[in-house]
1. Against the condition charged (D, E, K, R), out of contact with any Leu (no Cβ under 8 Å at 6 or more places or on another chain) and modelled with pLDDT under 80, how does residue 652 come out, does it pass?
2. Kindly check whether there is at least one residue in segment 221-233 that is of a type in the set (Lys, Arg), more than 16 Å from ligand 1 (Cβ to nearest atom) and more than 17 Å from residue 309 (Cβ to Cβ).
3. Among the residues of segment 266-306, write down those that are away from ligand 1 (no atom under 15 Å from the Cβ), surrounded by 24 or more Cβ atoms within 10 Å (Cβ to Cβ) and part of a loop (DSSP other than H, G, I, E, B).
4. Looking at (1) of a type in the set (A, V, I, L, M); (2) touching a strand residue (DSSP E or B) at 6+ places or on another chain (Cβ under 7 Å); (3) within 16 Å of ligand 1 (Cβ to nearest atom); (4) farther than 25 Å from residue 519 by Cα, which is the only condition residue 309 fails?
5. Looking at (1) surrounded by fewer than 20 Cβ atoms within 10 Å (Cβ to Cβ); (2) within 16 Å of ligand 2 (Cβ to nearest atom); (3) assigned to a loop (DSSP other than H, G, I, E, B); (4) small (Gly, Ala, Ser), find the lone condition where residue 246 falls short.
6. Please give the number of the condition residue 633 fails out of (1) surrounded by 15 or more Cβ atoms within 10 Å (Cβ to Cβ); (2) at pLDDT below 90; (3) in contact with a strand residue (DSSP E or B) (Cβ under 7 Å, 6 or more places away or on another chain).
7. Just for helices (runs of 4 or more DSSP H) wholly inside segment 110-208: which have at least 3 residues that are under 29 Å from residue 16 (Cβ atoms) and at pLDDT 90 or above?
8. Any chance you could count how many residues in segment 73-105 are modelled with pLDDT of 90 or more and either more than 26 Å from residue 160 (Cβ to Cβ) or of a type in the set (S, T, N, Q) (or both)?
Amino acid sequence: MRPERLNPIFVSADSLKGVGPGLARPLDKLGLSRVKDIAYHLPDRFAVRRAVAELNEASVGEQVMVALTPLEYRSSGSPRAPFRVMAQDAAGTACALTWFGRNTGWAKKTLPLGEKRWVAGRLGQFGTLLQIVHPDHVTEDGAVALGQLHEAVYPLSEGLTQNRLAALVAQALALLPDLPEWIDPGLMARHGWPAWAQALHEAHRGEHEAARDRLAYDELLANALALMLVRESGRSRRGTPLVGDGRLRAKLNLPFALTGAQQRSIEEIAGDVAQEAPMLRLLQGDVGSGKTVVALSAMLLAVEAGAQAALLAPTEILARQHYDTLSRLASGTGVNIALLTGRGSLRGGGRARESILMGLMDGSIDICIGTHAIFQDSVTYRNLALVVIDEQHRFGVGQRLMLTQKGRRPPHCLAMTATPIPRSLTLAQYGEMDVSRLDELPPGRQAIDTRVVALDRIEDVIAALGRHIAGGGQAYWVCPMVRESETDDIAAAEARYAELKALFGEGVAVLVHGQLRPEAKDAAMARFASGAAKLLVATTVIEVGVDVPNSTLMVIEQAERFGLAQLHQLRGRVGRGTEKSTCLLLRGETLSEVARERLALMRETQDGFRLAEEDLRLRGGGELLGTRQSGDTPFRVASLEQIGRLLPLAHDDARLLVERGRNDGRNDDSVALVGERGEAARVLLYLFERDWGVQLLRGG
Ligand code: ADP
Ligand code: MG
């Protein structure tokens, strides 16, 4: 049964009143495509605002509600520059209302000059001027404004307001049906958890811990269940046992000896793929630990055994880089490697897409590298027996695995991640996969000299950067992605790029960010990788995988805004060659205690697994709300703290549900969810978009 038929919360969000084409994009940005997504868009926090008659009664940093009269609009004409409405309060104190990237027509309509409006938001400062950036509310009526003094504050995207979103949430909540319960009644009672619909209502109304916990538990259960179903279905199917004779691996052109950890991982993989049951293994290794060679060795083994292998990369940049590296390393083996990307373009020989598709079909191509395009329906493999999935630490490992399970004979799967996640989270993300850990870095790596530098010393930093480049070095300059609007961040990166380009000269610097066309991005990356460009200015898109050993200096702007794990990933881009590397963490003026501790840890250690554990500790210790940024986890509702606390329960519960299905008397190896709770859990899988798990079910 399609979930849309099942009930109205699965229909598209544009069925709600007031959602026209104008809201489609902002909602899409937040991932709110269906009614249920809106019901699950939980508040970040609950604002307690103070109504003040005059700005003088409030202090900077405080949440206020104040009556202001707009006097003038200020915009520079550039769509990227902020738009300001200059206003004043009853006593004549000036205050700017500032929007980044907001269309000015909207602000002008809401804030007509000379007319008093109630404005709610956090009072800040811009130079000496008071300002409120992206006010939560602009209200005409003072009585209405008083109703907004205590309320949920939702994460927003450009083009959405708190009012708008709250109205949509109210509509979505009114549509919630009563769903059959999937949680064990005993567990519910023990924790005092409300029923599902009730929990959603409460979570939008206030800081109801039990309600938030219940919703988080649901999400964890859905994930655990889906992963277990993938595992279970794999168990019941037969893959292709692969035994290689080593003839290709012997011809590998390696300029170094393998580390012990690499050898061990390669052996573990060889042991797995020799079995008929498809391998489901995670290769976990810090940045620079040498996962690529392990992957190549596994793929060569598959080719030796007469089969094909595929490597799935998360981005085109990484797919190309893998293609280059693997082609180089495997050049002496005579193995035929092809690159297949979404755009169908490829490098090396300039073969057309058609000829690659032919080669995969007739088996003349041994190894295919690419993005998700390599699993499109139009791509047929003669005998694909091994799939390597690179850098899937963020989302959808299960989903990717699912893709690979479609054939009659499922291939062996090796997932690789550079995120040294804590052990407790490994389970959350990868379910019941077997794990190989590369816990030993290749020899000869130098420690990265990491320093924290105050932003007001940026001139010195730029001067040092200049000397570094003049001396023949290359460098990264990372600008953060932190604000509400991506355009805004990109504007900041562009401004920094323009400044550095002006200093160092045309052609020395390149800029890469998430909104560039792929061709432009590739071209910039290629210029940097070849050494033609010396400086790569980037938003966090360089986070994963990029390998330019000659680049030994990294500057990270507003480093306090990043999580530890992310800083660690970024820093891993340097320290890859034999030269000593430096990482400068530029920090803002005011630092929270946690931010200070994070930066200190970065200076202290380079051990990714330790940083991951500390990250969990630092982020998990926060207040009840506002800790939802579960960063590198695939969860939207569950916080890191909740994951740590509730995941083991959810995991056991999921196992119980799956085992009950296995033992329901049938003998046909199929996977099922049985009983009332089992049936209810299907709906749960749809709710959290783990429906790839449902597809594997008997009669699903
Ligand atoms: P990651 O695990 O981040 O994908 P890579 O596979 O890109 O790491 O390897 C990082 C660098 O280390 C590459 O330049 C690679 O050639 C080199 N490398 C890998 N294994 C070894 C080894 N055993 N000894 C020396 N260098 C190695
Ligand atoms: Mg890699």
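1. Here the answer is no, as residue 652 does not meet what is asked.
2. yes
3. 278, 279 - these are the residues of segment 266-306 that are away from ligand 1 (no atom under 15 Å from the Cβ), surrounded by 24 or more Cβ atoms within 10 Å (Cβ to Cβ) and part of a loop (DSSP other than H, G, I, E, B).
4. (3)
5. (2)
6. (3)
7. In segment 110-208, 162-174, 196-205 are the helices (runs of 4 or more DSSP H) which contain 3 or more residues that are under 29 Å from residue 16 (Cβ atoms) and at pLDDT 90 or above.
8. Selection size over segment 73-105: 7.
The values are calculated or read from the model by the stated rules, or taken from the named source; none is laboratory data. These figures come from a predicted structure and were not determined experimentally. FYI the Cβ positions are ideal-geometry reconstructions off the backbone, even for glycines, and counts take in every protein chain you see.
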